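Data block below; observations after.
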Amino acid sequence: MTPLLEIQGLNKRFAGLVAVNDVSFSLAAGEIAGILGPNGAGKTTLFNLLTGFLASDSGSVRFDGRDLAGEPPHQIVNRGLARTFQLCRPFAGMSVLENVMVGCLAPRVRHRHAPRARARAILEAVGLAHRADAPVEVLPYGDLRRLEIARALATGPRLLLLDEPFAGLGATEIEPISALIRRLHASEGLTILLIEHRLREFMQLVSRVIAMDFGRVIASGTPADIVRHPRVIEAYIGRDDEVSETGEPPAGEPRGAA
Ligand SMILES: Nc1ncnc2c1ncn2[C@@H]1O[C@H](COP(=O)(O)OP(=O)(O)O)[C@@H](O)[C@H]1O
Ligand SMILES: [Mg+2]
């Protein structure tokens, strides 16, 4: 079967720095996979390349059998590849509902559903219905994270890229967002690729991990394989902030991963 996403030999250089270095991997339709890596590993740059926010220097991205080279972000969204941002970027001066309605105007969905009704249904699905009329400026951080996901869902994606969906959240706020992501995967059949560096939540959520360091893919496998992989341990021990954040040693068995 043709993979839904197929990345081959992708490269991106910023001046002297190779941010994404010969990255290749594929995702099957229906998968939930994650990209793990220390800060600066090139994870967000990879998402920017996949979604047309940056042009690659070389390599290819095929989505749903089509080469995405040269396509601008809105066209890629319209092919069914949507993303969220590491830093939430709602449209200021608009309500929560209006923010989601913007996504509902994507050509791939707007002829099928009335934007307002569709936006309400999506807010319901992500647990934000009670905030529909609030201005985005008053939303607490956890709700902004949900809104970020709602705006991407509004475009009717087949593949959803989530850039650090737990960023800025406290321990008690993470579990409901994690449950939401799990539900989108299980009940909506969405293919999901997420970036996270909180090991515990991440490892419980994904079935496959692609580990990056210094722009390269250094390992790929099940969460249980990845936490034992010597190159992953090396990338995390010695220079790491991420591991201490969860208090977990990288070589430990992830709970729920066995
Ligand atoms: N627009 C840019 N211009 C120059 N350097 C960049 C730019 N975006 C990212 N970088 C650099 O590329 C490297 C990878 O960054 P990034 O992809 O954001 O890492 P991650 O998301 O894994 O933390 C970092 O060294 C970062 O400073
Ligand atoms: Mg990043």
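The values are calculated or read from the model by the stated rules, or taken from the named source; none is laboratory data. Everything numeric here is computed off the predicted structure, so don't read it as measured data. A quick note on method: Cβ atoms are made from the backbone with ideal geometry, for glycine too, and the neighbour counts reach across all protein chains shown.
Worth a mention:
- Long-range neighbours under 6 Å by Cβ, at least six apart or interchain, first residue in contact (Cβ under 8 Å) with a residue 24 or more places away in the chain within segment 21-36, second among the aromatic types (Phe, Trp, Tyr): 34/202
- Just one of the listed residues (195, 210, 174) is touching an Asp or Glu at 6+ places or on another chain (Cβ under 8 Å) and in contact (Cβ under 8 Å) with a residue 60 or more places away in the chain, namely 195.
- All positions within segment 75-116 that are charged (D, E, K, R), over 17 Å from residue 139 (Cα atoms) and out of contact with any strand residue (DSSP E or B) (no Cβ under 8 Å at 6 or more places or on another chain): 108, 110, 112, 116
- Conditions (1) of a type outside the set (S, T, N, Q); (2) within 16 Å of ligand 1 (Cβ to nearest atom); (3) touching a Phe, Trp or Tyr at 6+ places or on another chain (Cβ under 8 Å); number of the one not met by residue 165: (3)
- Segment 137-157 - residue that is β-branched (Val, Ile, Thr) and either at pLDDT 95 or above or surrounded by 22 or more Cβ atoms within 10 Å (Cβ to Cβ) (or both) and, of those, farthest from residue 113 (Cα to Cα): 149
- Breaking point among (1) within 17 Å of residue 4 (Cα to Cα); (2) of a type outside the set (D, E, K, R); (3) away from ligand 2 (no atom under 16 Å from the Cβ), for residue 174: (1)
- Segment 33-45 - residue that is more than 9 Å from ligand 2 (Cβ to nearest atom) and of a type in the set (A, V, I, L, M) and, of those, nearest to residue 192 (Cα to Cα): 33
- Residue within segment 61-84 that is free of Cβ contacts under 8 Å to residues at least 40 places away in the same chain and within 11 Å of ligand 1 (Cβ to nearest atom) present: no
- Residue match in segment 49-62 (condition: in contact with a Leu (Cβ under 8 Å, 6 or more places away or on another chain), within 16 Å of ligand 2 (Cβ to nearest atom) and of a type in the set (Phe, Trp, Tyr)): no
- The condition of being surrounded by fewer than 17 Cβ atoms within 10 Å (Cβ to Cβ) and over 16 Å from residue 156 (Cβ atoms) holds for only one of 40, 59, 34, 52, that being 40.
- Residue within segment 101-121 that is buried (at least 22 other Cβ atoms within 10 Å of the Cβ) and not hydrophobic (A, V, I, L, M, F, W, C) present: yes
- Scan of segment 190-201 for residues that are within 16 Å of ligand 2 (Cβ to nearest atom) and under 26 Å from residue 156 (Cβ atoms), ordered by number: 193, 194, 195, 196
- With respect to the conditions (1) buried (at least 19 other Cβ atoms within 10 Å of the Cβ); (2) touching a helix residue (DSSP H, G or I) at 6+ places or on another chain (Cβ under 8 Å), residue 129 lacks only one, and its number is (1).
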